[in-house]
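What follows is a set of notes on a single structure, which appears directly below.
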Amino acid sequence: MSYDVTVIGSGPGGYVAAIRAAQLGFKTAIIEKYSTLGGTCLNVGCIPSKALLDSSEHFHNATHTFAKHGIEVKEPKVNLAQMIGRKDQVVKQTCDGIEFLMKKNKIDVFNGLGSFVDKNKIKITKEDGSSEEISTDKTIIATGSKPLIIPGVEYDKKRVITSTEALKMKEIPKHMVVIGGGVIGMELGSVYARMGTKITVIEYLDKIIPGMDGTLSKELQRVLKKGLKFDFNLQTKVVSAKTVGDKVVIKAENKKGEEITFEPDYCLVSIGRKPYTEGLGLENAGVKVDERGRIDVDGHLQTNVPGIYAIGDVVKGAMLAHKAEEEGVFVAETLAGQKPHINYNLIPGVVYTWPEVAGVGFTEEQLKEQGKKYKAGSFPMRALGRARASMDIDGLVKVLADAETDEILGVHMIGPRVADLIAEGVVAMEYRASAEDISRMSHAHPTYTEAMKEACLAATENRAIHV
């Protein structure tokens, strides 16, 4: 078989690239190593974790806030098997949806490990050991990433686990140590904390969610400590972790250089992810990777080999599903001779804790580093009627704008549904709106989005109305 475009990997970057390529008239194939389409995001990442986050949040509300709402329920209990089963159903429906989209767009799907024979030939090795070969004019590598494990940590998938195992637990841990205060650790830590697990976080840096604006980091740490009793150990380095009987023994060094030991029943390792290129046979096509294992690409996401492109987690930049999707569309449209663009500064980052956290554009720390003159305005969620009505009063919206032109340079939020609200910041910044522009737009009342307008009012001559 011969194709115009072959995509290796069917996660959000890969399947979106395949659909856009097919829409543009290319004869397209997609190769997936595993039996279901969707990659990490749909199978063991974004989608299943959100399903568990929603379920556990319902339980938490039933046990903590229903009574105040005037709803009396007798001792809600967690049925973990049902919760995991519902999550599996959500995953299946979503993956089936991708299969449907492949058929609808007449994209040929190959299941097996795709590896380069040479620049234009790809071998697909199936689970039963058989193989076949296809020819392709252009190839898009979208094989994603795998969890990182640090030296000294004995990852056994039983008690020393990653996000993959944390999404299919058979019991609720009594005590879980989360190594890494990033997005995945805070989200999955929240899932189990809501069901009664004691969560201890060990973070090497001096703050959690380190890539986001410092204000959000401090507020999230405060809320998780207060509401879910998270215990934080910042500036602490893990030396070793291994399962001993029904415990995990973790040795670490705190900021004073003292050795400390933790003995939880589970240890979640969530220190980040690494590009996944194993078995691709990149050397057979002559594709180069950098010192961190990422595939080298130019401004058009083309590798050093003409006709071979790479997108998503296997190239530099944020490891986010929506960034990969944008890159998939970008490459397909570039192949069709179009002139697409991606503004990487406007790829939003989101943490699906409760309250949710989201940001786009420059953080305050980045603007200070650049020596950029800026003005900041913020507005607390607790001042919103909508937030008080739903009892979701933690958090704030912060808007950073250029001191001279008033153009919005960054929007940072923590609060209810800000994963959705951040889109207003993206739209504003894509069209280079000023804080004054947003201040003069009508926002429905009562809504959480009023916090965006009020933060913009605060950023322009400190004239927020409701504080």
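Quick rundown of the values:
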read-out	value
Neighbourhood net charge (13 Å Cβ-Cβ; Lys/Arg +1, Asp/Glu -1) for Arg86	+2
Sparse-neighbour loop sites [trypsin sites (Lys or Arg not before Pro); the range 355-396; at most 10 other C-beta within 10 Å; DSSP]	Lys373
Gyration tensor verdict on the range 198-283 (Cα atoms; rounded if a/c is under 1.5, prolate if a/b is larger than b/c, oblate otherwise)	oblate
Accessible surface of the range 241-327 [probe 1.4 Å, protein heavy atoms]: carbon and sulfur percent	45
Label-point gap, in nm, between Lys103 and Val427 - each point 7 angstrom along Cα→Cβ	3.5
For the chain: accessible area per residue (Å², 1.4 Å)	47
Sparse-neighbourhood loop sites, trypsin sites (Lys or Arg not before Pro) in the range 24-94 - DSSP loop, at most 12 other Cβ within 10 angstrom	Lys74, Lys77
Rel. contact order, % - alpha carbon contacts under 8 angstrom, at least six apart, the chain	14
Loop sites in the range 358-467: GluC sites (Glu not before Pro), DSSP, at most 10 other Cβ within 10 Å	Glu404
Proximal lysines to Lys103, defined as alpha-carbon separation beneath 20 angstrom and excluding residues fewer than eight positions away on the same chain	Lys27, Lys33, Lys92
Heavy atoms of Cys95 accessible to a 1.4 Å probe, total area in Å² rounded to 10	10
Portion, in percent, of the accessible area of the range 58-168 that falls on carbon or sulfur, probe 1.4 Å	51
Placed amide H near Thr162: partners under 5 Å, 5+ positions off or other chain	Val269
Listed pairs Lys225/Lys323; Lys157/Lys274; Lys170/Lys207; Lys158/Lys251 exceeding 20 Å between Cα atoms	Lys225/Lys323; Lys170/Lys207
Solvent-accessible surface (1.4 angstrom probe) belonging to Ile260, in square angstrom, nearest 10	40
Gyration tensor verdict on the range 406-460 (Cα atoms; rounded if a/c is under 1.5, prolate if a/b is larger than b/c, oblate otherwise)	oblate
Axial C-alpha extent at least 30 Å, average Kyte-Doolittle at least -0.5 - helices from the chain (DSSP)	80-104
For the range 33-41, Karplus couplings with θ = phi - 60° (6.51, -1.76, 1.60), whole Hz, Gly/Pro x	5, 8, 6, 10, 7, x, x, 4, 3
Convex hull projection area averaged over all views, the range 61-198, Cα basis, nm²	13.7
Mean shadow area of the range 160-249, taken as a quarter of the surface of its Cα convex hull (nm²)	5.8
Calculated on alpha-carbon atoms, Rg and Dmax of the chain in Å	23.4, 69
Antiparallel DSSP beta bridges within the chain, percent to nearest 5	60
Vicinal HN-Hα couplings computed from phi for the range 143-150 (Karplus, 6.51 cos²θ - 1.76 cosθ + 1.60; Hz; Gly/Pro x)	8, x, 9, 10, x, 8, 10, 8
Relative packing of peptides 272-280, 409-417 - highest average C-beta neighbours within 10 Å first	409-417, 272-280
Distance from the range 313-341 to the range 347-384 (C-alpha centre basis), Å	25
Distance cut-off 16 Å, percentage of C-alpha pairs in the range 85-159 lying past it	71
Cα shape, the range 262-342, gyration tensor, a/c 1.5 rule	oblate
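The values are calculated or read from the model by the stated rules, or taken from the named source; none is laboratory data. Fair warning: this is a prediction, and the values are worked out from it, not measured in the lab. With ideal geometry, Cβ positions are generated from the backbone for all residues, glycine too; neighbour counts draw on all protein chains shown. Only protein heavy atoms, including side chains, enter the accessible area calculation; ligands, DNA and RNA are left aside. Shrake-Rupley method; radii C 1.70, N 1.55, O 1.52, S 1.80 Å.
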